[in-house]
1. Once the piece of chain linking residue 53 and residue 245 is laid out straight, how much longer is it, given 0.36 nm per residue of separation minus the C-alpha distance between them?
2. Please give, to one decimal in nm, the separation of the simple spin-label points placed at residue 157 and residue 17, each 7 Å out from Cα toward the Cβ.
3. Net charge near residue 360: determine it from the other residues with C-beta under 12 Å of the C-beta of residue 360, scoring Lys and Arg +1 and Asp and Glu -1.
4. Using only DSSP helix segments of four residues or longer, with each worth -39500 (n - 2.57), what per-residue ellipticity at 222 nm results for the chain after dividing by its residue count and rounding to 500?
5. If you take the beta carbon distance between residue 436 and residue 207 as r and set R0 to 30 Å, what does 1/(1 + (r/R0)^6) give as a FRET efficiency, to the nearest 0.05?
6. Between residue 187 and residue 130, what is 0.36 nm times their sequence separation minus the Cα-Cα distance? Round to one decimal in nm.
7. Note down the accessible area of residue 84, probe 1.4 Å, to the nearest 10 Å².
8. Per residue and in Å³, how big is the convex hull formed by the alpha-carbon atoms of the chain?
Amino acid sequence: MDNLNQNTQREQWGSKIGFILAASGSAVGLGNLWKFPYMAGRNGGGAFVLVYFIILFLIGFTLMLAEITLGRHTQLNAIGAYKKISKKWAWVGGLGVLAGFIILSFYSVVGGWVINYIIKSLTGAINIADPEILGGMFGALVGGTVEPIVYHGIFMLMTMIIVLGGIGGGIEKSSKILMPGLFIMIIIIAIRAMTLPGAIEGIKYLLIPNFEAINIGVVLDALGQVFFSLSLGMGCMITYGSYLSKDTNIPESATVIPLIDTGVALLAGLIVMPAVFAFGFEPGGGPGLLFITLPAIFAQMPLGTVFAILFFFLVLFAALSSSISLLEVCVAYVVDEWKINRKVAVFGLGFVMFLIGVVASLSNGPLSHVTFIGERNFFDSLDFVASNILLPLGGLLLCIAVGWIWGTDEALAEATNDGKIEFKLAPLWIFLVKYVGPIAIAIVFIRSLM
Ligand code: TRP
């Protein structure tokens, strides 16, 4: 995806499946594999999953369609797209770029942990079944000073190099093999996890809602998680949609992508939670859950070491295909709007994100006593501000921008290729985007402040 100016043809995805793969590549990432299981564990399991699904159906699909449509219509980056609908709305795109900036800063730290675990599985260091030792090992990594920063730097550098090379070619091609590969691997691992002795308690914990556990904190976390996992609310799908050709079936893409994304998140939950109960970990154990339970499962599998290496490698790929979309949004903005050279933009932005990530990484160790919003360390605060505030706010404003400023008639004309594509749920979508989305998000915000 090179910076092409107005008078040349804008680069497009190589094929229809290319777009779905790239967009699901952006959606499927650490948000599904690492964050979803521990957020569910922290928020009462089934209670969280139920609320997640309600928000997914009311807001997730709706906004996915809205973002892709707006992107293809304007053929512009997040800020440019808002500007085109109305000059006064450019700042909403700016809010999104800010959110992406914050997210990648801590996302890259987690990406670094994954690289470290690839190495740990190559050397056989995690070939252990003892929960205590595995917990200690994770704690030692993230609580360290230099080590996690080095891996965070490597992840950031990989992201920058791929974005510099352009997203179209390499990523689109490798996605075609690696995404299905990831899917097959998680299914196999989930089957192993779910057949562990005692696993049934974990499955019940994840899938049977305990209604008493639902409170406004759970709802806000689930809302943030839907946005984070689907890459919504910051103009990522606007940017990806802007490279879409005029004959794509947008309603279909906007249905398939969230379904793939949710499938992967659920499977990750069905890997982690059964293992949590089978091995006697804590469901509310926090960000280490994936990294502690996985090795314990691999230790119970024939060819476990091979599985570990392959799987962490695929997790890294999923993380990179998401991180590049975060960086791309910020780069596309700087390049399109400020007319800055692409190379300078990639390295400049990447470097500042790296520095913020350094502080985030240290906040899991030497700086853990410095707390911000509600006793959260810096790392969790970045996540909270971006995922639970900026993204839903971006989503709320997107609903208003598309539903009321741009107008649903125009949006639907674009989404259906001027009526050539049948979209039976159009009236429902209009209702959701104009009323349900903005009102529901506003209510969650107001309630969580009370
Ligand atoms: N969705 C990705 C994940 O689940 C993360 C991500 C990529 C993202 N692009 C985004 C999150 C844009 C929010 C907005 O890992």
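The values are calculated or read from the model by the stated rules, or taken from the named source; none is laboratory data. It should be emphasised that the depicted structure is a prediction, and the values quoted were computed from it without experimental measurement. Cβ sites come from the backbone with ideal geometry, for glycine too, and all protein chains shown count toward neighbours. These area figures cover heavy atoms from the full protein model, side chains too; ligands, DNA and RNA do not enter into them. Shrake-Rupley method; radii C 1.70, N 1.55, O 1.52, S 1.80 Å.
1. Numbers: separation 192, 0.36 × 192 = 69.12 nm, distance 3.05 nm.
Difference between extended and current length: 66.1 nm.
2. 3.5
3. Working: positive: 376; negative: 380, 383.
Every neighbour counted, the sum reads -1.
4. On the way: 21 runs with 312 residues, N = 450.
Helix contribution divided over all residues of the chain: -22500 deg cm²/dmol.
5. Numbers: r = 26 Å, r/R0 = 0.85.
E(calc), rounded to 0.05, equals 0.70.
6. Values: separation 57, 0.36 × 57 = 20.52 nm, distance 2.37 nm.
My answer for the length gained is 18.1 nm.
7. 120
8. Details: hull volume 59.4 nm³, N = 450.
In the chain, the Cα convex hull volume per residue is 132 Å³.
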